[in-house]
1. For the subset of the range 150-202 comprising residues that are within 18 Å of Leu31 (Cα to Cα), free of Cβ contacts under 8 Å to residues at least 24 places away in the same chain and assigned to a loop (DSSP other than H, G, I, E, B), which member is least open to solvent (accessible area, probe 1.4 Å)?
2. Would you check which residues across the range 70-83 are among the aliphatic types (A, V, I, L, M), closer than 12 Å to Ala110 by Cα and under 17 Å from the mean Cα position of the chain (by Cα) and list them?
3. Taking the condition farther than 24 Å from Asn190 by Cα, modelled with pLDDT of 95 or more and out of contact with any Lys or Arg (no Cβ under 6 Å at 6 or more places or on another chain), does Gln106 pass?
4. Regarding Met123, is this residue hydrophobic (A, V, I, L, M, F, W, C), over 13 Å from the mean Cα position of the chain (by Cα) and at pLDDT 95 or above?
5. Consider Ser142 carefully, then state whether it is outside any helix (DSSP H, G or I), hydroxyl-bearing (Ser, Thr, Tyr) and open to solvent by 20 Å² or more (accessible area, probe 1.4 Å).
6. Quick one: what pairs do we get from the range 80-96, first residue modelled with pLDDT of 95 or more, second surrounded by fewer than 23 Cβ atoms within 10 Å (Cβ to Cβ) and aromatic (Phe, Trp, Tyr), C-beta under 9 Å, 6+ apart or different chains?
7. In the range 68-78, what count of residues is obtained for those that are open to solvent by less than 10 Å² (accessible area, probe 1.4 Å) and in contact (Cβ under 8 Å) with a residue 60 or more places away in the chain?
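The values are calculated or read from the model by the stated rules, or taken from the named source; none is laboratory data. Worth saying up front: this structure is predicted, and the values here are computed from it rather than measured. Every residue, glycine among them, receives a Cβ derived from its backbone with ideal geometry; neighbour counts consider all protein chains shown. The protein model used for the area step is the full one, side chains on, heavy atoms only, and it has no ligands, DNA or RNA in it. Shrake-Rupley method; radii C 1.70, N 1.55, O 1.52, S 1.80 Å.
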Amino acid sequence: MIFFVTYASDTRAEDLRITAFGDSLVQGYGLTQGDGLVPQLQRWLDAQEVAVTLSNAGVSGDTTAGGAARIDWTLADQPQGLIVLLGGNDLLRGLAPDQARENLRQILLAAQAGDVEVLLIGMRAPGNFGPEYKASFDRIYSDLAQEFDALLHPDAFAGIRALVGSDPAAAQEYMQADNIHPNAKGVALNVAALGPVVQELAARISATDRDS
């Protein structure tokens with residue numbers, strides 16, 4: 001069972017409705033309810049006076065295949081925008097990049113059919129599967145964003161990486177003990193990097209509504 005949680009403190013009828021769709025990074029694994037990606041992003045948008053109500057459609061452990069299997073159910077809620085963050089569990093399992101690409105493509109096709117604006121968040125593959133795997137996986141997100149004219153935020157961990165670079169020891173301060181999920185401080189850094197792109201998503205939705 002998937003539960004949608006809305007985080008706006010005062011939901012207004014005129015707010016744009018955007019659903020964050022993904023895995024544990026969206027769901028908020030290991031964090032208190034207010035410290036996950038969606039509630040922190042909602043507070044960031046509220047502070048910028050962006051009239052958006054976010055819903056959390058994150059499922060821990062979800063792969064791109066799991067996302068493709070439930071996208072129609074998610075879109076039945078009729079969001080105006082969709083933030084897609086999937087691929088981390090595919091990487092952990094070493095699943096084929098071509099498979100992940102096709103699953104994400106099915107998600108974007110479903111959103112396109114419903115006239116839902118999309119922001120795609122990229123995941124960077126580690127080097128342990130080899131350079132060919134990494135190159136193939138990393139370009140999935142930019143390729144699909146171009147194909148579907150979707151917005152792209154290239155790296156889910158951009159905020160942390162901007163501060164610590166590629167130093168894993170320095171990154172530990174912003175990660176949970178599993179070194180997979182960010183802690184509350186890490187989420188805050190990632191939200192600061194992601195927020196302006198979500199603002200752009202909201203602007204796209206508003207422009208589309210005016211043109212329709």
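1. Per the criteria, the residue is Asn179.
2. Across the range 70-83, the qualifying residues are Ile71, Leu75, Leu82.
3. Yes; evaluated as a whole, the condition is true for this residue.
4. Numbers: hydrophobic (A, V, I, L, M, F, W, C): yes; over 13 Å from the mean Cα position of the chain (by Cα): no; at pLDDT 95 or above: yes.
Against the criterion (hydrophobic (A, V, I, L, M, F, W, C), over 13 Å from the mean Cα position of the chain (by Cα) and at pLDDT 95 or above), Met123 does not qualify.
5. In short, no.
6. That search, which allows pairs on different chains as well, returns Leu91/Phe129; Gly94/Phe129; Gly94/Tyr133; Ala96/Tyr133.
7. Result for the range 68-78: 1.
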